[in-house]
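Written below as structure tokens is the structure these notes are about.
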Amino acid sequence: MKIAVLPGDGIGTEIVAEAIKVLQVLDLTFELETALVGGAAYEAHGHPLPDATLKLAKAADAILFGAVGDWKFDKLERNLRPEQAILGLRKNLGLFANFRPAICYEQLVDASSLKPELIAGLDILIIRELTGDIYFGQPRGRRVATDGHFPGAEEAFDTMRYSRPEIERIAHVAFQAARKRSKRVTSVDKANVLETFQFWKDVVTEVGKAYPDVELDHMYVDNAAMQLVKAPKKFDVVVTGNMFGDILSDEAAMLTGSIGMLPSASLNASNQGLYEPSHGSAPDIAGKGIANPLATILSAAMMLRFSLNQPQAADRIESAVKDVLASGLRTADIYSDGTTRVGTREMGDAVVAAITKKTTKG
Ligand code: NAD
């Protein structure tokens with residue numbers, strides 16, 4: 001099992017170190033190779049995704065990624081900014097399916113800004129298409145308008161587009177994921193206004209006929225944004241395009257209170273995947289040893305389940321995380337009165353100890 005380890009910037013190095021520690025107590029054999037990515041790679045090699053890093057990522061079964069970015073790089077040309085490394089990896093590896101679970105752990109129910117009864121037991125999965133839509137559609141650019149409301153004025157434009165195969169493959173991913181859960185898919189679109197999303201809705205409906213055991217419903221994105229805060233537990237699997245998924249998955253993430261708890265996976269057609277926490281590089285707390293490593297540790301669990309075919313090892317990590325939360329340990333982002341505040345390393349150590357304890361008992 002070959003894993004490319006790309007810690008990146010900011011808290012990336014701190015949280016990935018904890019995930020590696022956890023992987024190393026599982027009695028499995030991994031080939032781990034680390035490389036620079038993001039701002040760290042730009043500073044060392046002049047590019048956020050150097051060839052050597054891309055080569056390593058392509059050759060691996062899975063990539064464990066920390067986070068990239070720092071405000072000090074904001075003035076760089078767009079193609080040299082740290083965040084371009086993620087886009088480059090997605091594009092080069094064909095990572096088209098992004099999985100973002102939003103799970104509310106019983107012990108963290110009070111961390112949410114929503115009422116406990118709305119989110120207790122929440123377990124939803126947002127599946128976002130990652131390589132198409134308005135983020136990549138051509139043409140795009142700036143020009144002088146020749147029509148519209150202000151002919152002769154400077155304007156900018158992007159192109160929203162989806163092809164049938166792009167929609168079909170993400171729809172299959174969603175229906176198959178739903179089969180392993182409560183067998184419900186909500187496809188989110190804006191079919192009332194956008195041609196692209198009427199097509200999306202039509203194609204998802206067609207694909208859904210091959211999955212008669214899975215219930216499919218459709219929801220406009222504006223309503224989905226409202227329902228996520230009004231009655232989030234109504235959802236099971238949500239599938240949507242790149243832009244709507246970007247926004248809704250962050251909204252879903254915050255339902256649970258802390259972005260420091262949420263893992264993510266981006267997969268290609270051969271189940272090769274990039275696994276990373278849903279949050280960024282948190283430059284405001286980098287180097288302080290207080291970042292929550294659990295999102296990265298849970299991303300490593302997703303990696304074991306989806307790309308490395310080790311579901312039992314994934315279960316062990318997830319169950320250890322629950323045990324640690326039950327024991328009252330909290331990093332600063334999820335701390336509340338009556339719990340014990342710990343740093344990044346202590347949290348990683350506690351997960352390792354919980355795994356080892358169960359192994360010894362078992
Ligand atoms: P962020 O997710 O890095 O931080 C938002 C807030 O959440 C901050 O207050 C931060 O301290 C806190 N936070 C994030 N992760 C945490 C953790 N594990 N434990 C405790 N607290 C945590 O988002 P931002 O501040 O908007 O962006 C910072 C940088 O990260 C930017 O350069 C941005 O471009 C980049 N970014 C990268 C990714 C990625 O690598 N996938 C994703 C989002 C943002």
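The values are calculated or read from the model by the stated rules, or taken from the named source; none is laboratory data. Quick caveat, the model's predicted, so the values are computed rather than measured. In this analysis, Cβ positions are derived from the backbone assuming ideal geometry, glycine residues included, and neighbour counts consider all displayed protein chains.
Observations on the structure shown:
- In the stretch 301-319, the condition of being modelled with pLDDT of 95 or more and within 14 Å of the ligand (Cβ to nearest atom) is met by no residue.
- Scanning the stretch 325-338 for residues that are within 15 Å of the ligand (Cβ to nearest atom) and either over 22 Å from M302 (Cβ atoms) or not hydroxyl-bearing (S, T, Y) (or both) gives L325, L329, R330, A332, D333, I334, Y335, S336.
- Within the stretch 29-44, considering residues that are part of a loop (DSSP other than H, G, I, E, B) and away from the ligand (no atom under 16 Å from the Cβ), the one surrounded by the most Cβ atoms within 10 Å (Cβ to Cβ): F30
- Test set (1) farther than 25 Å from A286 by Cα; (2) surrounded by fewer than 19 Cβ atoms within 10 Å (Cβ to Cβ); (3) modelled with pLDDT of 95 or more - K91 fails condition number: (3)
- Candidate set from the stretch 167-193 (those that are part of a loop (DSSP other than H, G, I, E, B) and surrounded by 16 or more Cβ atoms within 10 Å (Cβ to Cβ)); member that is nearest to the chain's Cα centre (by Cα): K190
- With respect to the conditions (1) modelled with pLDDT of 95 or more; (2) within 30 Å of T356 (Cβ to Cβ); (3) within 16 Å of the ligand (Cβ to nearest atom), L26 falls short on a single one, namely (3).
- Residue satisfying condition, being under 19 Å from the mean Cα position of the chain (by Cα) and farther than 21 Å from A231 by Cα, within set A145, A85: A85
- Of the strands (runs of 3 or more DSSP E) lying entirely inside the stretch 232-290, those containing at least 1 residues that are near the ligand (Cβ under 10 Å from one of its atoms) and crowded, with 23+ Cβ neighbours inside 10 Å are 263-267, 273-277.
- The residue list A41, A4, A52, A17 contains one member that is of a type in the set (A, V, I, L, M) and either touching a His at 6+ places or on another chain (Cβ under 6 Å) or under 21 Å from L267 (Cβ atoms) (or both), which is A4.
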